[in-house]
1. If you wrap a convex hull around the alpha carbons of the chain, what volume per residue comes out, as a whole number of Å³?
2. In terms of Cα to Cα distance under 23 Å, which lysines are near enough to K152, apart from those fewer than 8 places away along the same chain?
3. May I ask you to list the lysines whose Cα is less than 19 Å away from that of K36, ignoring any residue fewer than eight positions away on the same chain?
4. Given the convex hull over the Cα atoms of the stretch 52-187, what projected area results after averaging over all orientations, in nm²?
5. Starting at the first residue of the stretch 96-104, write each ³J(HN,Hα) from the Karplus equation 6.51 cos²θ - 1.76 cosθ + 1.60 with θ = phi - 60°, in whole Hz, x for Gly and Pro.
6. Cut-off 10 angstrom, C-alpha nodes, Gaussian network model of the chain. Which of A256, A228, A206 fluctuates the most?
7. Suppose we keep just the DSSP beta bridges with both residues in the chain; what percent of those would be antiparallel, to 5?
8. Placing one identical point scatterer on every Cα of the stretch 1-127 and ignoring solvent, what is log10 I(q)/I(0) from the Debye formula at q = 0.14 Å⁻¹?
Amino acid sequence: MRILTNLFPEGKKTALTMSYDDGCDSDKRLVEIFNKNGIKGTFHLNSVHMSKPGNGRVQFDEVKDLYKGHEVSCHTFTHPHPTCVPDTMLVNEILEDRRALEKACGYTVRGMSYPFGDYNDHTIGIFRACGMLYSRTVAQTGGFALPENFMKWNPTCHHRPEMEKTFDTMRAQSNRWTKHSVMYVWGHSYEFNNDDNWDLIENFCAYAGGKEDVWYATNIEIYDYIMASRSLMVGVDGNTVYNPTCVPVWVTADGAPLKILPGENIL
């Protein structure tokens with residue numbers, strides 16, 4: 001039997017995820033656009049601003065309801081350049097941010113994005129020790145490949161006028177590729193105010209939403225699924241597959257999609 005770990009949930013080959021930083025009030029309009037079109041986002045917040053009403057940032061008591069159905073993620077407590085911060089202070093930046101965000105959203109926060117896109121291998125070690133499982137960079141690839149190291153998760157692009165074309169390219173190439181394909185868009189919601197171009201994201205979400213062949217997912221949902229997919233154990237003869245995780249995983253088995261339930265050892 002030929003088995004390929006190349007499918008997302010429901011046998012889909014493509015995914016779309018959106019990633020926005022800083023937790024500005026403009027996130028409220030952006031979340032409304034996402035919700036209208038069935039698109040999911042990950043929002044990386046600096047919690048130092050969450051108890052200061054009137055500062056143009058999402059407040060502590062707004063987080064749970066505003067980002068329901070999306071993901072709340074770290075962006076450090078005060079948004080410093082990580083490579084310029086002493087280790088002890090960097091630990092505090094992550095743990096204080098996690099503590100506040102987890103209290104606000106009610107679940108364990110496990111991912112982040114790098115402030116200013118600034119990181120190195122040393123800071124990655126600190127972030128991992130503080131419970132971070134993935135982190136988004138600002139190095140745009142223009143492509144759709146998943147990272148080998150999720151602590152260096154490069155996005156496809158910043159939001160831009162050509163997004164519809166990029167989205168179409170991803171869907172078209174999925175018919176030729178055997179790999180997963182993810183379009184990962186990042187930015188700051190305040191940019192739409194600054195550039196007076198809310199129509200850019202409104203049009204893209206209306207165009208990209210509601211596609212049956214696309215999985216709309218948060219960053220952590222993609223991470224969890226891919227880790228489960230990479231954990232599958234295939235028998236020596238290729239006729240059995242064991243899923244040791246708590247996540248259902250889809251594979252291609254002799255050209256057909258196959259769902260493997262958590263704990264299932266399937267023939």
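1. Looking at the chain, the number lands at 128 Å³ per residue.
2. Cα-Cα hits under 23 Å: K13, K40, K179.
3. K28, K64, K68, K211
4. Projected over every direction and averaged, the Cα hull of the stretch 52-187 covers 9.8 nm².
5. Per-residue couplings from phi come out as 5, 5, 4, 4, 5, 5, 5, 5, 6 Hz.
6. Comparing A256, A228, A206 in a Gaussian network model of the chain, the most mobile one is A256.
7. So the antiparallel bridges in the chain amount to around 30 percent.
8. Each listed q corresponds, in turn, to -0.66.
The values are calculated or read from the model by the stated rules, or taken from the named source; none is laboratory data. Remember, it's a predicted structure, so these values are computed and weren't measured experimentally. Quick reminder, even Gly has a Cβ in these numbers, built from the backbone with ideal geometry, and neighbours come from all protein chains shown. With ligands, DNA and RNA removed, areas are computed over all heavy atoms of the protein, side chains included. Shrake-Rupley method; radii C 1.70, N 1.55, O 1.52, S 1.80 Å.
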